[in-house]
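Novice: Quick one: the structure is below, questions incoming.
The values are calculated or read from the model by the stated rules, or taken from the named source; none is laboratory data. On a predicted model such as this, the values are computed, not experimentally measured, just so you know. All Cβ positions, glycine included, derive from the backbone under ideal geometry; neighbour counts span all protein chains shown.
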Amino acid sequence: MTKDYKRITTNVLQEMKDNNEKISMLTSYDFTLAKIVDRAGIDVILVGDSASNVMAGHETTLPITLDHMIYHASSVVKAASRALVVVDLPFGSYQGDSKKALRSSIRIMKESGAHAVKLEGGDEIIDSVQRILTAGIPVMGHLGLTPQSIYKFGTYTVRAKQEAEAEKLIEDAKLLQNAGCFGIVLEKIPADLAKKVSNKLEIPIIGIGAGNGVDGQVLVLHDMLGMTHEFNPRFLRRYLNLYEDINRAVKNYVDDVKNQDFPNKNEEY
Ligand code: KIV
């Protein structure tokens, strides 16, 4: 059952979970794609720090700055008339200093007009989560594979396969819910564990590589559109093969220019 919501808020997401309606979420980093995504009826647009990889070509999410995130977020906010816009706090803007975390979040909300922020981690960053929430800023958690900690993990493989890590993840999820987070992203963990967290918690749990037992799904837009063709994790479903389509279009354009086929008489003044 899907209801026709005019504007998605954090309360609407809770209503969706309560009514067993799955939540759809995709990333966007720019005005043009965000407008298409929003008009297609997505519930949540995530201005992810994956922009560091996808837009800037960095190997990890660590180099992207708060200024970069605000630039991407303000472009997306202008395009979103229905979706809730959530923005990642980048690496270094919230860990270990809750006052800095609040300042970073206020900058995002004030300068981009976004609706919420997302932070990676559980008990290690709970002070930051709590302080941000005191300012009335909605917070989304992110557990499991947290890419800002890639140098601690060493690889991008599935997290929380061992009991101790799975138990910590469940405790962290409860901590985030009790602090007042409106939702949590679970990335690349076993489907059974993700389902358990979703059943235990009241708030919406959004999965990426976390199976079908959660309350919604998120993917990186450029991955599901098939633009990033060298990235092939098992959890990714491609809905287009835009790498091939764009490659073919550009090759055709190059040929047309070289052969003086473009522009023709109808394309000149
Ligand atoms: O930055 C991002 O795109 C994310 C998603 C993978 C959830 O955090």
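Novice: Exactly one of (1) surrounded by 14 or more Cβ atoms within 10 Å (Cβ to Cβ); (2) more than 16 Å from the ligand (Cβ to nearest atom) is unmet by Glu187. Its number?
Specialist: With (1) surrounded by 14 or more Cβ atoms within 10 Å (Cβ to Cβ); (2) more than 16 Å from the ligand (Cβ to nearest atom) applied to Glu187, the lone miss is (2).
Novice: Now, a different point. Tell me, please, whether a residue that is crowded, with 19+ Cβ neighbours inside 10 Å and either over 25 Å from Gln14 (Cβ atoms) or small (Gly, Ala, Ser) (or both) can be found in the range 210-218.
Specialist: Checked against the condition, which is being crowded, with 19+ Cβ neighbours inside 10 Å and either over 25 Å from Gln14 (Cβ atoms) or small (Gly, Ala, Ser) (or both), the range 210-218 yields at least one hit.
Novice: Residue pairs, Cβ under 6 Å, 6 or more apart or interchain, first in the range 25-48 and outside the structural domain of Val85 (by TED's automatic domain parsing), second at pLDDT below 95 and surrounded by 24 or more Cβ atoms within 10 Å (Cβ to Cβ). List them.
Specialist: The qualifying pairs do not exist here.
Novice: Okay, next question. Could you list, in sequence order, all residues of the range 191-230 that are within 16 Å of the ligand (Cβ to nearest atom), touching a helix residue (DSSP H, G or I) at 6+ places or on another chain (Cβ under 9 Å) and closer than 30 Å to Arg248 by Cα?
Specialist: Val220, Leu221, His222, Asp223, Leu225, Met227, Thr228
Novice: Hey, another quick one. How many residues does the range 94-117 hold that are closer than 17 Å to Thr134 by Cβ and small (Gly, Ala, Ser)? Working first, answer last.
Specialist: So in the range 94-117, the residues closer than 17 Å to Thr134 by Cβ come out as 94, 97-110, 116-117.
Narrowing the set further to residues that are small (Gly, Ala, Ser) leaves 98, 101, 104-105, 116.
Total meeting the criteria: 5.
Novice: Next question. Please enumerate the residues belonging to the range 83-98 that are surrounded by fewer than 23 Cβ atoms within 10 Å (Cβ to Cβ) and touching a residue at least 60 places away in the same chain (Cβ under 8 Å).
Specialist: Answer for the range 83-98, where residues must be surrounded by fewer than 23 Cβ atoms within 10 Å (Cβ to Cβ) and touching a residue at least 60 places away in the same chain (Cβ under 8 Å): there is none.
Novice: Please tell me if His58 is without any contact (Cβ under 8 Å) to a residue 24 or more places away in the chain and of a type outside the set (Asp, Glu).
Specialist: It is true that His58 is without any contact (Cβ under 8 Å) to a residue 24 or more places away in the chain and of a type outside the set (Asp, Glu).
Novice: Let me ask you something else. Please specify each residue of the range 102-140 satisfying the condition of being surrounded by fewer than 19 Cβ atoms within 10 Å (Cβ to Cβ) and closer than 17 Å to Thr65 by Cβ.
Specialist: If the condition is that a residue be surrounded by fewer than 19 Cβ atoms within 10 Å (Cβ to Cβ) and closer than 17 Å to Thr65 by Cβ, then Arg103, Ile106, Arg107, Lys110, Glu111 are the ones that fit.
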